[in-house]
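Here is the structure we will look at.
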Amino acid sequence: MTASTENRLTPARRLGQGLARTASGPVDVARGSVGLGAQAVAAAVSGLRRRYQDGQLRKELEAAQEAVARELSAAGEVIADLPEAFREARANRHSSRRPWVIAGAVGATLVLGGAAFAVVRRRTSRPEPSTLPPSVQVDPKP
């Protein structure tokens, strides 16, 4: 059993081998030259794409900065109006007992739940008496 692995040649190596060999030299030289040309074109296209995307990114960043500036100015206006809104809220606030009633109901529920848990736990911790007679004599013999 022989394992045949075919090493893929890079265009530069293919060109080097093509120049070194004479029989298949012209084919390898041609393939290596085409491969190097294709790599050069791909690198150029990649650079152009990156420059285009950087330009688009710059435009998007400028638009985002403008949007953030608009939002900050709107937030500043809202913050400037907060003291007046607080004054109005305090003036319109009614003395309500509802939060105290809810807090009391929650507290009572917690206390009753804790008591019920303690009772249930105490009952389950006691072992039930066995119906079998004791295996050891209870009364010692003199």
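The values are calculated or read from the model by the stated rules, or taken from the named source; none is laboratory data. Because the structure is a prediction, the values reported are computed rather than measured. Reconstructed Cβ throughout: ideal geometry from the backbone, glycine too, with neighbour counts over all protein chains shown.
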**Asked** Among the residues of region 90-101, is any within 40 Å of the chain's Cα centre (by Cα) and surrounded by 10 or more Cβ atoms within 10 Å (Cβ to Cβ)?
**Response** no
**Asked** In this structure, is E71 surrounded by 10 or more Cβ atoms within 10 Å (Cβ to Cβ) and acidic (D, E)?
**Response** yes
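Taking only region 1-46 into account, find how many residues are part of a loop (DSSP other than H, G, I, E, B) and at pLDDT below 70.
10
Here's the yes/no breakdown for (1) more than 30 Å from P11 (Cα to Cα); (2) of a type outside the set (S, T, N, Q); (3) touching a Leu at 6+ places or on another chain (Cβ under 9 Å):
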site	(1), (2), (3)
S46	no, no, no
R51	no, yes, no
G55	yes, yes, no
R58	yes, yes, no
A67	yes, yes, no
E71	yes, yes, no
V78	yes, yes, no
E88	yes, yes, no
**Request:** Taking L82 as the residue in question, decide whether it is out of contact with any strand residue (DSSP E or B) (no Cβ under 7 Å at 6 or more places or on another chain), aliphatic (A, V, I, L, M) and at pLDDT below 85.
**Result:** yes
